[in-house]
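**Q** Input: one structure, supplied below.
The values are calculated or read from the model by the stated rules, or taken from the named source; none is laboratory data. Just so it is clear, the structure is predicted and the values come from calculations on it, not from any experiment. Note that we place each Cβ from the backbone using ideal geometry, even for glycine, and neighbour counts take in every protein chain shown. Ligands, DNA and RNA are stripped out before the accessible areas are found, and what is left, the full protein with its side chains, is counted by its heavy atoms. Shrake-Rupley method; radii C 1.70, N 1.55, O 1.52, S 1.80 Å.
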Amino acid sequence: MLRQFLSKLPRKSGKSDFPELARSNSCTTAGSQIHGSNSLNSGSARPCATKRTSSAVFPASVVAGIEPLLPFKDVPNSEKMNLFVSKVSLCCVTFDFSDPTKNSIEKDVKKQTLLELLDFVASGSVRFSEPAMLAMCRMCAVNLFRVFPPNYQSSVSNGCENDDDEPMFDAAWPHLQIVYDLLLKFITSSSLDAKVAKKYIDHSFILRLLDLSDSEDPRERECLKTILHRVYGKFMVHRPFIRKAISNIFYRFVFEMERHNGIAELLEIFGSIISGFALPLKEEHKIFLWRVLIPLHKPKTLGVYFQQLCYCVTQFIEKEPKLSSSVIRGLLKYWPITNSQKEVMFLGELEEILEAINMMEFQKVMVPLFWRIRCCVNSFHFQVAERALFFWNNDQIVNLIAHNRHVILPIILPALEKNAQNHWNQSVVNLTLNVRKLFMEMDDGLFISCHTHFKEEEAKLSILAEKRKEAWGRLENAASLQPITGNTAVLVTPLATSIPG
């Protein structure tokens with residue numbers, strides 16, 4: 001009855017964004033669309049000739065029942081690829097998963113067909129033909145490519161992290177996961193000829209995949225990360241384009257929106273890409289470091305992707321240690337003045353860089369670097385002060401400091417003395433005293449000389465502060481003796497504290 005009913009209905013298919021797909025008669029779609037469907041399912045319908053052996057042809061206006069196709073084991077090898085195309089065509093029908101009770105039988109049939117396709121692709125028994133590649137790419141496009149609704153854009157508000165927000169989980173994920181797994185198996189299959197498949201897994205297809213990386217569902221972003229990495233590995237011709245497309249996402253994130261859910265995953269992909277860069281590094285790769293990775297330290301949501309960003313930066317430095325000084329200058333440029341948690345992260349990244357830096361590069365940046373560390377040592381936020389003082393627990397950093405102590409100690413000592421005398425946190429005071437002791441053991445004569453100079457400077461500042469206080473006192477006294485004329489009111493208050501020099 002079902003087949004007779006279907007044979008009386010008009011057979012239509014939606015136009016595709018892929019020209020080859022639009023010309024193909026191997027894959028026709030219909031059914032209700034999942035929320036956020038894309039242009040692949042839209043457009044005017046046209047007649048589409050299909051094989052009578054397949055029941056995967058449905059009208060565009062109604063959701064009809066899906067008749068299962070023959071199992072792969074029941075057809076000879078010569079017909080398996082045709083059966084593959086028919087099964088993939090059947091899976092081009094999309095459903096609304098927001099209502100679990102709607103079309104439950106059809107959804108189950110489609111799920112079983114997708115699982116059967118997954119097993120067939122994993123077996124790698126037959127090489128994929130061009131119609132099969134075409135049908136597979138179209139099926140993935142119909143099921144996966146969609147525009148996220150506005151509630152997907154709510155994870156970050158006013159440019160700030162919102163740790164209280166729970167990630168949104170797509171109701172269609174059990175179905176989408178099988179499609180993602182199928183696409184991954186298809187791309188990594190030894191039966192797929194990359195030279196032929198590049199016509200279908202093209203720039204447009206890759207861009208749509210990258211658009212999906214903004215999904216709020218972390219499971220979907222994880223699948224996309226793996227698939228994009230495999231695409232980059234298999235399709236060498238697309239590698240420059242993929243790097244450029246990901247860079248553009250980073251540019252928009254840093255300089256326009258400061259909102260994107262998939263920055264961490266995209267950085268993780270780039271971390272693997274950087275580790276494979278050949279030496280010497282190309283200029284375009286260095287530009288990526290300076291124009292993308294360093295500015296990525298600026299957004300307030302740095303904590304979401306900091307680990308992946310730090311890995312990418314250290315990969316560059318391991319490849320080419322000469323870059324370490326320019327990276328440190330970049331960090332100093334974007335140093336967070338009012339965000340203590342970001343300061344702690346910056347100090348952690350600095351420590352990793354200093355572990356890999358050579359003496360020549362260190363000497364280029366040690367003066368501005370230790371002026372910044374001095375400020376951190378004196379921070380009233382105890383975590384910032386502790387993290388800065390922990391540098392002296394690192395043998396590599398202590399070795400760098402020891403070889404350049406004549407420059408570094410005069411910069412750092414005033415901060416150590418102020419901490420020892422005035423800091424409110426006892427843990428910071430103890431760490432400060434340990435660092436002072438380390439410098440004394442390193443070069444007692446230099447320490448005494450710098451300490452004497454520090455005391456002299458303190459005495460000069462104290463004298464200047466006293467003179468300033470006396471000058472203000474004289475001004476206030478003179479002002480109090482002046483007669484009040486007209487409606488002018490003069491308010492004279494005692495100077496509570498001296499103005500620091």
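**Q** Does region 256-264 contain at least one residue that is open to solvent by 60 Å² or more (accessible area, probe 1.4 Å) and modelled with pLDDT under 95? Reasoning before the result, please.
**A** At the first step, the residues of region 256-264 found to be open to solvent by 60 Å² or more (accessible area, probe 1.4 Å) are 256-257.
After this cut, where a residue has to be modelled with pLDDT under 95 as well, the list is 256-257.
For region 256-264, residues open to solvent by 60 Å² or more (accessible area, probe 1.4 Å) and modelled with pLDDT under 95: present.
**Q** Is one or more of the residues making up region 335-358 at pLDDT 95 or above, farther than 28 Å from Lys418 by Cα and not β-branched (Val, Ile, Thr)?
**A** Scanning region 335-358, I find no residue that is at pLDDT 95 or above, farther than 28 Å from Lys418 by Cα and not β-branched (Val, Ile, Thr), so the answer is no.
**Q** Here is a further query. Name every residue in region 354-376 that is buried (at least 18 other Cβ atoms within 10 Å of the Cβ) and hydrophobic (A, V, I, L, M, F, W, C), in order of residue number.
**A** Of everything in region 354-376, those that are buried (at least 18 other Cβ atoms within 10 Å of the Cβ) and hydrophobic (A, V, I, L, M, F, W, C) turn out to be Leu354, Ile357, Phe362, Val365, Met366, Leu369, Phe370, Ile373, Cys376.
**Q** Would you check if Asn425 is under 37 Å from the mean Cα position of the chain (by Cα), over 21 Å from Ile328 (Cβ atoms) and not β-branched (Val, Ile, Thr)?
**A** Details: under 37 Å from the mean Cα position of the chain (by Cα): yes; over 21 Å from Ile328 (Cβ atoms): yes; not β-branched (Val, Ile, Thr): yes.
The answer is yes for Asn425.
**Q** Do we have any residue at all in region 77-84 that's within 19 Å of Trp173 (Cβ to Cβ) and either at pLDDT 85 or above or touching a strand residue (DSSP E or B) at 6+ places or on another chain (Cβ under 9 Å) (or both)?
**A** No: region 77-84 contains no residue that is within 19 Å of Trp173 (Cβ to Cβ) and either at pLDDT 85 or above or touching a strand residue (DSSP E or B) at 6+ places or on another chain (Cβ under 9 Å) (or both).
**Q** Right, next: Looking at region 324-340, which of its residues are in contact (Cβ under 8 Å) with a residue 40 or more places away in the chain and assigned to a helix (DSSP H, G or I)?
**A** Step one: list which residues in region 324-340 are in contact (Cβ under 8 Å) with a residue 40 or more places away in the chain, which gives 325, 328, 330, 332, 334, 340.
Residues satisfying the conditions are Ser325, Ile328, Gly330, Leu332, Ser340.
**Q** Write out, first by first residue and then by second, each pair whose Cβ atoms fall under 7 Å of each other, whose residues are 6+ apart or on separate chains, and whose first residue, in region 97-125, is under 17 Å from Thr188 (Cα atoms) and touching a residue at least 40 places away in the same chain (Cβ under 8 Å) while the second is charged (D, E, K, R) and part of a helix (DSSP H, G or I).
**A** Partner pairs satisfying both residue conditions: Leu117/Lys87; Leu118/Asp181; Leu118/Lys185; Val121/Lys185; Ala122/Lys185.
**Q** Looking only at helices (runs of 4 or more DSSP H) that fall completely inside region 359-463, which ones have 1 or more residues that are farther than 16 Å from Leu347 by Cα, in contact (Cβ under 8 Å) with a residue 12 or more places away in the chain and not hydroxyl-bearing (Ser, Thr, Tyr)? Quick ask: steps written out before the conclusion?
**A** Numbers: elements: 359-377, 382-389, 395-403, 405-422, 426-442.
The helices (runs of 4 or more DSSP H) meeting that bar are 359-377, 395-403, 405-422, 426-442.
Yes/no per residue for (1) open to solvent by less than 40 Å² (accessible area, probe 1.4 Å); (2) over 29 Å from Glu116 (Cβ atoms):
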{"site": "Leu182", "(1), (2)": "yes, no"}
{"site": "Ile187", "(1), (2)": "yes, no"}
{"site": "Asp193", "(1), (2)": "no, no"}
{"site": "Glu220", "(1), (2)": "yes, no"}
{"site": "Leu228", "(1), (2)": "yes, no"}
{"site": "Met236", "(1), (2)": "no, yes"}
{"site": "Ala245", "(1), (2)": "yes, yes"}
{"site": "Phe250", "(1), (2)": "yes, yes"}
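**Q** How many residues does region 382-401 contain that are surrounded by fewer than 16 Cβ atoms within 10 Å (Cβ to Cβ) and touching an Asp or Glu at 6+ places or on another chain (Cβ under 8 Å)?
**A** The qualifying residues number 3.
**Q** Just checking, which of Tyr305, Tyr334 is surrounded by 19 or more Cβ atoms within 10 Å (Cβ to Cβ), touching a helix residue (DSSP H, G or I) at 6+ places or on another chain (Cβ under 6 Å) and hydroxyl-bearing (Ser, Thr, Tyr)?
**A** Just one listed residue meets the conditions, Tyr305.
**Q** Does region 269-287 contain any residue that is surrounded by fewer than 18 Cβ atoms within 10 Å (Cβ to Cβ), among the hydroxyl-bearing types (Ser, Thr, Tyr) and at negative phi?
**A** Yes.
**Q** Just to be sure before I move on: is Glu318 surrounded by fewer than 22 Cβ atoms within 10 Å (Cβ to Cβ) and over 30 Å from Glu386 (Cβ atoms) in the structure I sent?
**A** The answer is no for Glu318.
**Q** State whether the residues of region 343-353 include one that is in a helix (DSSP H, G or I), out of contact with any Gly (no Cβ under 7 Å at 6 or more places or on another chain), open to solvent by less than 10 Å² (accessible area, probe 1.4 Å) and acidic (Asp, Glu).
**A** Checked region 343-353: at least one residue is in a helix (DSSP H, G or I), out of contact with any Gly (no Cβ under 7 Å at 6 or more places or on another chain), open to solvent by less than 10 Å² (accessible area, probe 1.4 Å) and acidic (Asp, Glu).
**Q** Of all residues being surrounded by 18 or more Cβ atoms within 10 Å (Cβ to Cβ) and among the hydroxyl-bearing types (Ser, Thr, Tyr) in region 75-122, which is farthest from the chain's Cα centre (by Cα)? Just the residue, please.
**A** Applying the filter and picking the extreme gives Ser86.
**Q** Next question, about the same structure. If you go through region 359-401 one residue at a time, how many are of a type outside the set (A, V, I, L, M, F, W, C) and under 16 Å from Met442 (Cα atoms)?
**A** 5
**Q** Among the listed residues Leu90, Leu69, Leu40, identify the single one that is modelled with pLDDT of 80 or more and aliphatic (A, V, I, L, M).
**A** Leu90
**Q** In contact with a Lys or Arg (Cβ under 8 Å, 6 or more places away or on another chain) and part of a helix (DSSP H, G or I): is that true of Gly303 in this structure?
**A** The answer is yes for Gly303.
**Q** Any residue at all in region 57-64 that is over 38 Å from the mean Cα position of the chain (by Cα), modelled with pLDDT under 50 and within 20 Å of Phe186 (Cα to Cα)? Write out each step before concluding.
**A** From region 57-64, those over 38 Å from the mean Cα position of the chain (by Cα) are 57-64; that's our starting set.
From what is left, the residues that are modelled with pLDDT under 50 are 57-64.
The next check asks that each one be within 20 Å of Phe186 (Cα to Cα); those that pass are none.
So far as region 57-64 goes, no, none of its residues is over 38 Å from the mean Cα position of the chain (by Cα), modelled with pLDDT under 50 and within 20 Å of Phe186 (Cα to Cα).
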